[in-house]
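Asker: I am attaching a structure below and will ask some questions about it afterwards.
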2 protein chains.
Amino acid sequence: MKILLAVLLAPMLYSTPMPQPWKSVPAAGHLVIDSNFAIEVHGFTDARVDSAVRRSTARISRQTGIPIIGGKRVLVVERATEGADESYVLDVSPEKAVLEASTVEGALHGLETFTQLIMPGAEGFEAASVHIEDHPRFPWRGLMIDCSRHWMPIEVIERNLDAMAAVKLNALHWHLSDDQGFRVESKRFPKLQQFGSDGHFYTQDQVRHIIAYARDRGIRVVPEFDIPGHTTSWFVGYPELASAPGPYSIERSWGIFQPTMDPSREETYKFLDKFLGEMTALFPDQYFHVGGDEVDPTQWKQSASIQAFARAHHLKTPDDLQAYFIHRVEGLVKKYGKTMIGWDEVLNPELQADTLIQSWRGPAALANAARKGHHGILSYGYYLDHMNPASFHYAIDPQIDQQLLDDKGASLILGGEACMWTEYVTPETVDSRIWPIAAAIAERLWSPKDVTNVDSMYDRLDAISRVLESVGIRSNEQSMLRRMGGGPGLRVLADASESLGIDGRQVARKYTSLVPLNRFVDAVPPESPTVRRLEQMAQKVASGPAGAKAEIARLRAAFTEWSANDTQIDGNFLTSELIPLSRNLSNLGSVGLRALEYLSSGKSAPPDWAAQQLQEIGSMEKPVAEVRLAAISPVRVLLKAIAGSASGSVEEHK
Amino acid sequence: MKILLAVLLAPMLYSTPMPQPWKSVPAAGHLVIDSNFAIEVHGFTDARVDSAVRRSTARISRQTGIPIIGGKRVLVVERATEGADESYVLDVSPEKAVLEASTVEGALHGLETFTQLIMPGAEGFEAASVHIEDHPRFPWRGLMIDCSRHWMPIEVIERNLDAMAAVKLNALHWHLSDDQGFRVESKRFPKLQQFGSDGHFYTQDQVRHIIAYARDRGIRVVPEFDIPGHTTSWFVGYPELASAPGPYSIERSWGIFQPTMDPSREETYKFLDKFLGEMTALFPDQYFHVGGDEVDPTQWKQSASIQAFARAHHLKTPDDLQAYFIHRVEGLVKKYGKTMIGWDEVLNPELQADTLIQSWRGPAALANAARKGHHGILSYGYYLDHMNPASFHYAIDPQIDQQLLDDKGASLILGGEACMWTEYVTPETVDSRIWPIAAAIAERLWSPKDVTNVDSMYDRLDAISRVLESVGIRSNEQSMLRRMGGGPGLRVLADASESLGIDGRQVARKYTSLVPLNRFVDAVPPESPTVRRLEQMAQKVASGPAGAKAEIARLRAAFTEWSANDTQIDGNFLTSELIPLSRNLSNLGSVGLRALEYLSSGKSAPPDWAAQQLQEIGSMEKPVAEVRLAAISPVRVLLKAIAGSASGSVEEHK
């Protein structure tokens, strides 16, 4: 925002891309973008660069609304003689822009950066002059999408790959099987998808299409087939793989379930050998993810034959059995020339050093794996289904504390992965749960460690939201609200609310994969940019009402709207649960208006008024209909300022 | 809105579909829609009905957010023994719904009606019990889309066909050639698209796809190739067809241009014979549109050979030459077994009776044609590019006054067509210019003549907007506003504004097909539902503030927001032209707040205050940046009430 405010008065300011580049030196002037814009490639003859040039041109047209005819060489892409891997150098001057990279990946990243520089300036769309030198901090910057719990059609994967490329993420971790669905066509074992998918699976042609689509954008595709637990869907067609007799049916609930592969039968490994043979051929990436997490040992404990097998092989605990199974699977993965990935739980003394550990447990677990020589990637703290604010994820760094891990160990940490588990997410809502928040994680994994200013990150997050929209990401929030038929007040209520993540939902009601995710909580994003702006305004008012006239006017407008909004919600089964929330917002508006009146008029509030109101709004903290009322925060800021000036201390009511 | 308000208190009320059915009798109870919903077809074995059943089921899933598994027979589609053409009977009861139709078209219409009955009720999504008997008033209910002036990709046509089907429009008039582009692949004359389209044309396979897509939805596709004027794009590849020597290039401006086919050369008709042979085979519909409008006679007058030809054939005026040309073309169209359509200008004494006249000139012209025995369709008053409010179009009726036309003549009027000319419309904005307003025209063409209540029409228009969204229509307003980078205040300003149509734009600046349509005026719709609601509230306040507490609160919220909004607009080349508009809105908000204060407090305004303010806001009527400030109207209502009560008359200031 601050970037745009100045445009009419000053030459175009440089707008920092997201992730923030390692080095950027703004200069005077700007490059004009008009219908004649064209990109020329020198020194590369690469189909991927050519296709990225076409995509970038189309995107610039969408980002600006300018019909691009081409003809004028504006951006030149050149083969660099220095720099390697994913690095690039971008120079923008009023005459032209030059992008240098020695690899295709670097060129792709530079093109994404260039499109982000384009902003509406004083006379047209412009890219401000700048010299950028950029490269990634970590080589592995991933996003996991769970396509099992809720089926994600191929368009969802495509547009998320485009969004990943926009923020320089380079690994799609495709979670393709779980208790609730097996999502890839197997030609060797067709009952996997025939019985385990409700008809929702990717054909092998579609898989190849997605891999090519991702590769075109500089993104690797790592498949995950989660074994030996999380495998109910496999057993619907192949019950003989399980540790207890069937029949099995596709799991419709959420949680950790008992069905687990039988580690004691040779037939299990023969099946997996053939299966891995087929799938390692289908997925060309060097890495292959076998899951290995959250094994419930109940079936193993209850099976006499498995217990006998365990005794015969001196496998004393379920962990030992799991280690045995993983060791066998690791051998099969290696046989097909791949490097295995597993979640924390696969770590055991038998594990070969080149197996990569993905950690959901956290830095201590990751450090432990690294000390044993394993490469690692961090997902702890990057679980998007928890619906934490972007600032929460932004504070999580894959670089492990030196007290836990020495430099050699630290060098084994390849990066991190945002994880989108989909118990409470559908194709309609998945974009709004991943984006723009995953862009904050992308920045953590790309930019210098010391790029940590949260306000500045949020400014870039606002800007990147528009870029993500231009690549096809859709929030669907407004259409979902309209569908609820609650009238125009729902939009105001939604702007003032934030939805809870998995922890808040699994306690609220019984969910299964058949429960429609069409409620207010599903439409509302995890973080409210409106409230964040209002809170900043409230802080300005609190620190000195005299210099905050515009902020007072804006806050008054918001509070007036809130206070009048309760009459705007029409009742039906989708909106009736929101009545207490709407009432709270209305009350909050009234309190906010009075607080603003005291602060702006200089009149004193009655003694203890602010304290009482703070207590009152404290009771509004309790989630209603699985959303929290974010709107509390700006009002609280004002009340604390009043209470603080009355008592001489802001702290006592916090 | 009024339908939803009562849901918690009373059994679900019947929500009237749009177009309003001829007969509907609501009954007690409702039919529940859940994941088990399924449609069963009896007595039809028609691929189009089957595909409509699949589409309707998917749409109900999108409209409700319910994952539909099926299994329970909820809606039964049956072959009716009575009724014909497009009629259907729909019975919804708490047990099941039965749809009866004797034709595929009737069944398709009934399915659309059924999906519109589904609303969020007290306990879930429900269709209220009702008995509906329905049929169209006019057999020809069309939408014309101009794909020449701005190219419309195939997805635009597809989603508009879905929207047409939703409101029971049954004719797509596809305007495929004009000065600015020739948009269909011709295999006989490939230079038409090679030189005349900038590469933007439909292949013959795509044309066949669109025809099948439309037919699946009960929609005929009538192509228009506009001759002998509006033909510059033809002459780029075939200058010998023109009345003056070339070379020609694709026209980039808007208006009426001189290039016109040469009516004097036999080669012109030989070309058209082959061309019409190819195109009448490609487009299976009985009707074929040859345009014939707006011929500029300059080239004819300046050509010695054409003048000699005219003299030899006793063609004294350009109109005679045009009549000669049209007569020859009519013969060719007939030769290929088709019925010709032309705009008003093709009417001449030589014209055969079965040629259909499409009238942009109005009822007198249409009556004149009908008196000569021609079928007619009305487009006068249905021009969407003029950006009139829905109520304007709604008041236009194709039924011609009996003083102008007797019953026999009246029976020749087949219906009407909404026309979307695209000088100021792109693929990004076209949906918001056609919809939802065209639904009001669709209702005029389908529903009884006496269905004319405007408020009730607007209620249905609100509801149909959500249906249109579920078929894929997108306004893009919000993303265009975000792209402008003007900050959050733009949304408020846009909600308070209405953009001007072609008349307001062609005078404002010089436009061509290369001028980006990415400004505020392009994002803002022609009509503001927000302001319409506020005006209704203001009327309630004006007629008695005591009973309008909720309305006063809502108006206060809106006015407060307007008054604080001016600080929310960040400046750049796209937003700087909005500064006066934003300032006006801000002032309007302040005046509105004071007016509300006088009315709600009962305090008297100073003498002449209201009159002065009315004069003041009168000066805000002048369009700014090609938009008008719709927000004036609710403030004016309040000021008039104050002025009226002061002077004893509301009228004096109107």
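The values are calculated or read from the model by the stated rules, or taken from the named source; none is laboratory data. Since the model is a prediction, treat every value here as computed from it, not as a measurement. Glycine gets a Cβ as well: all are built from the backbone with ideal geometry, and neighbour counts include every protein chain shown. Heads up: the accessible areas ignore ligands, DNA and RNA and are worked out on the full protein's heavy atoms, side chains in. Shrake-Rupley method; radii C 1.70, N 1.55, O 1.52, S 1.80 Å.
Asker: Please verify whether A:ASP459 is in a helix (DSSP H, G or I), more than 13 Å from chain B (Cβ to nearest Cβ) and open to solvent by 40 Å² or more (accessible area, probe 1.4 Å), treating the condition exactly as stated.
Answerer: No; evaluated as a whole, the condition is false for this residue.
Asker: May I pose another question? Filter the stretch A:15-74 down to residues that are within 14 Å of chain B (Cβ to nearest Cβ), of a type in the set (Gly, Ala, Ser), part of a loop (DSSP other than H, G, I, E, B) and open to solvent by 40 Å² or more (accessible area, probe 1.4 Å), then give me how many there are.
Answerer: So the count comes out to 1.
Asker: Of all residues in the stretch A:430-480, how many are of a type in the set (Gly, Ala, Ser) and closer than 24 Å to B:ARG466 by Cα?
Answerer: Residues in the stretch A:430-480 being of a type in the set (Gly, Ala, Ser) and closer than 24 Å to B:ARG466 by Cα: 5 in total.
Asker: Tell me which residues, restricted to the stretch B:287-301, are in contact with a helix residue (DSSP H, G or I) (Cβ under 6 Å, 6 or more places away or on another chain) and either of a type outside the set (A, V, I, L, M, F, W, C) or not in a strand (DSSP E or B) (or both).
Answerer: Across the stretch B:287-301, the qualifying residues are B:GLY292, B:ASP293, B:VAL295, B:PRO297, B:TRP300.
Asker: Are there any pairs with C-beta distances below 7 angstrom linking a residue in the stretch A:565-578 that is at the interface with chain B (Cβ under 7 Å from one of its Cβ atoms) to a residue that is surrounded by fewer than 20 Cβ atoms within 10 Å (Cβ to Cβ) and outside any loop (DSSP other than H, G, I, E, B), with the two at least 6 apart or on different chains, and if so which?
Answerer: Note: pairs meeting the criteria are A:THR567/B:ALA550; A:ASP570/B:LEU5.
Asker: Also, I was wondering about something else. Restricting to the stretch B:119-139, name every residue that is open to solvent by less than 10 Å² (accessible area, probe 1.4 Å) and touching a helix residue (DSSP H, G or I) at 6+ places or on another chain (Cβ under 6 Å).
Answerer: Selection gives B:PHE125, B:ALA127.
Asker: Would you tally the residues in the stretch A:109-135 being away from chain B (no Cβ under 14 Å) and either touching a strand residue (DSSP E or B) at 6+ places or on another chain (Cβ under 8 Å) or polar (S, T, N, Q) (or both)?
Answerer: So the count comes out to 12.
Asker: In the stretch A:103-118, what residues are surrounded by 21 or more Cβ atoms within 10 Å (Cβ to Cβ) and part of a loop (DSSP other than H, G, I, E, B)?
Answerer: None - no residue of the stretch A:103-118 is surrounded by 21 or more Cβ atoms within 10 Å (Cβ to Cβ) and part of a loop (DSSP other than H, G, I, E, B), so the list stays empty.
Asker: Under 7 Å between Cβ atoms, which residue pairs at least 6 apart in sequence (or on different chains) link something in the stretch B:602-619 that is part of a loop (DSSP other than H, G, I, E, B) and buried (at least 18 other Cβ atoms within 10 Å of the Cβ) with a partner that is at pLDDT 95 or above and not hydroxyl-bearing (Ser, Thr, Tyr)?
Answerer: Qualifying pairs under 7 Å: B:ALA605/B:ILE642.
Asker: Now for a separate question. Being free of Cβ contacts under 8 Å to residues at least 24 places away in the same chain and in contact with a strand residue (DSSP E or B) (Cβ under 8 Å, 6 or more places away or on another chain) is the filter here; which residues of the stretch B:194-221 pass it?
Answerer: Hit for the stretch B:194-221 is B:PHE201, nothing else.
Asker: Another question, then. Please state which of the following conditions B:ARG556 fails to meet, knowing it meets all the rest: (1) away from every other protein chain (no Cβ under 14 Å); (2) open to solvent by 60 Å² or more (accessible area, probe 1.4 Å); (3) of a type in the set (D, E, K, R).
Answerer: In the conditions (1) away from every other protein chain (no Cβ under 14 Å); (2) open to solvent by 60 Å² or more (accessible area, probe 1.4 Å); (3) of a type in the set (D, E, K, R), B:ARG556 misses (1) alone.
Asker: Could you list all residues from the stretch A:537-547 that are more than 11 Å from chain B (Cβ to nearest Cβ) and either open to solvent by 40 Å² or more (accessible area, probe 1.4 Å) or in contact with a helix residue (DSSP H, G or I) (Cβ under 9 Å, 6 or more places away or on another chain) (or both)?
Answerer: Correct list: A:ALA538, A:GLN539, A:LYS540, A:VAL541, A:ALA542, A:SER543, A:PRO545, A:ALA546, A:GLY547.
Asker: Tell me which of these B:GLY485 doesn't satisfy, since it passes every other one: (1) among the small types (Gly, Ala, Ser); (2) on the phi < 0 side of the Ramachandran plot; (3) in contact with a Pro (Cβ under 9 Å, 6 or more places away or on another chain); (4) within 14 Å of chain A (Cβ to nearest Cβ).
Answerer: With respect to (1) among the small types (Gly, Ala, Ser); (2) on the phi < 0 side of the Ramachandran plot; (3) in contact with a Pro (Cβ under 9 Å, 6 or more places away or on another chain); (4) within 14 Å of chain A (Cβ to nearest Cβ), B:GLY485 is out only on (2).
Asker: Would you mention how many residues in the stretch A:172-211 are under 22 Å from the mean Cα position of the chain (by Cα) and more than 28 Å from A:LEU514 (Cα to Cα)?
Answerer: 1
Asker: Confirm whether B:GLU158 is open to solvent by 10 Å² or more (accessible area, probe 1.4 Å) and free of Cβ contacts under 8 Å to residues at least 24 places away in the same chain.
Answerer: Considered against the rule, which asks whether it is open to solvent by 10 Å² or more (accessible area, probe 1.4 Å) and free of Cβ contacts under 8 Å to residues at least 24 places away in the same chain, B:GLU158 comes out as no.
Asker: Only one of A:ARG444, A:ARG466 is within 14 Å of chain B (Cβ to nearest Cβ), within 26 Å of A:LEU172 (Cβ to Cβ) and assigned to a helix (DSSP H, G or I). Can you tell me which?
Answerer: A:ARG466 is the lone residue from the list that is within 14 Å of chain B (Cβ to nearest Cβ), within 26 Å of A:LEU172 (Cβ to Cβ) and assigned to a helix (DSSP H, G or I).
Asker: Now for a separate question. Of the numbered conditions (1) farther than 14 Å from B:GLY291 by Cα; (2) within 26 Å of the chain's Cα centre (by Cα), B:LEU332 fails exactly one; give the number of that condition.
Answerer: Condition (2) is where B:LEU332 drops out.
Asker: Need at least 3 residues that are within 17 Å of A:LEU143 (Cβ to Cβ) per element, so show me which helices (runs of 4 or more DSSP H) inside the stretch A:178-245 make the cut, counting only ones lying wholly within it.
Answerer: A:204-216
Asker: Taking the conditions exactly as written (crowded, with 17+ Cβ neighbours inside 10 Å, within 25 Å of A:ALA364 (Cα to Cα) and either touching a Leu at 6+ places or on another chain (Cβ under 7 Å) or of a type outside the set (Phe, Trp, Tyr) (or both)), does A:LEU351 satisfy them or not?
Answerer: yes
Asker: Of all residues in the stretch B:396-409, which are part of a helix (DSSP H, G or I) and open to solvent by less than 30 Å² (accessible area, probe 1.4 Å)?
Answerer: Listed by number, the list holds a single entry, B:GLY409.
Asker: For the stretch A:496-518, enumerate the residues that are in contact with a helix residue (DSSP H, G or I) (Cβ under 9 Å, 6 or more places away or on another chain), within 10 Å of chain B (Cβ to nearest Cβ) and open to solvent by 30 Å² or more (accessible area, probe 1.4 Å).
Answerer: Of everything in the stretch A:496-518, just one residue is in contact with a helix residue (DSSP H, G or I) (Cβ under 9 Å, 6 or more places away or on another chain), within 10 Å of chain B (Cβ to nearest Cβ) and open to solvent by 30 Å² or more (accessible area, probe 1.4 Å), namely A:PRO516.
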